[in-house]
Amino acid sequence: QVQVVESGGGLVQPGGSLSVSCSASGSFFRLSDMGWYRQAPGKQRELVATISSGGTENYAESVKGRFTISRDNAKNTVYLQMHSLKPEDTAVYFCCATAFAQVAGTWGNYWGQGTQVTVSS
């Protein structure tokens with residue numbers, strides 16, 4: 001099994017900064033892309049940012065220039081630094097890791113439980 005666990009999040013005022021992190025563990029041979037998605041109440045889950053194992057970053061237009069994704073391959077961990085936060089960034093942030101699982105013997109997407117980020121004064 002592959003486990004994905006997020007940490008961080010919380011309440012921040014508009015214009016503030018916050019960081020979240022996510023680690024993958026368990027029985028897998030290799031990790032590929034890791035990324036962050038978010039889901040606000042009443043809305044569909046949307047991509048925030050992804051990063052490949054080689055470090056290629058991809059961002060949603062709404063967060064470009066404000067959010068930065070990074071990863072530590074040795075720790076199987078991905079980070080998301082969020083700056084200039086807006087109320088519309090309020091959502092549950094989910095981490096997704098693409099891994100080649102030992103048991104399944106194939107690539108799969110594995111999701112964390114999510115962490116709440118609230119931007120409010």
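The values are calculated or read from the model by the stated rules, or taken from the named source; none is laboratory data. Since this is a predicted model, take the numbers as computed values, not measurements. In this analysis, Cβ positions are derived from the backbone assuming ideal geometry, glycine residues included, and neighbour counts consider all displayed protein chains. The area values use the complete protein model at the heavy-atom level, side chains included, leaving out ligands, DNA and RNA. Shrake-Rupley method; radii C 1.70, N 1.55, O 1.52, S 1.80 Å.
Details
- Net charge dipole size for the chain [Lys, Arg +1 and Asp, Glu -1 on Cβ; Debye, nearest 20]: 40 debye
- Accessible area of segment 45-121 belonging to carbon and sulfur atoms, whole % at 1.4 Å probe: 47 percent
- Extension reserve of the Arg30-Asp72 stretch, reckoned as 0.36 nm per residue once the Cα distance is removed: 13.8 nm
- DSSP beta bridges fully contained in the chain are about 95 percent antiparallel.
- Model label zone, Gln1; criterion: amide N under 18 Å from point 7 Å along Cα-to-beta-carbon; scope segment 74-96: 95-96
- Spatially proximal lysines relative to Lys64 (Cα-Cα < 25 Å; intrachain offsets below 8 disregarded): Lys43, Lys86
- In the full protein context, the chain carries 52 Å² of accessible surface per residue, based on a 1.4 Å probe and ignoring ligands, DNA and RNA.
- Unpaired cysteine residues in the chain (no second Cys Cβ under 4.7 Å): Cys96.
- Estimated Rh, the chain: Kirkwood, alpha-carbon pairs, angstrom: 14.4 Å
- Descending Cα extents along the principal axes, segment 13-52, whole Å: 40, 24, 18
- For segment 55-98, fraction of C-alpha pairs farther apart than 16 Å, in %: 42 percent
- Computed over neighbours whose Cβ is under 14 Å from that of Thr98, the net charge equals +1, Lys and Arg +1, Asp and Glu -1.
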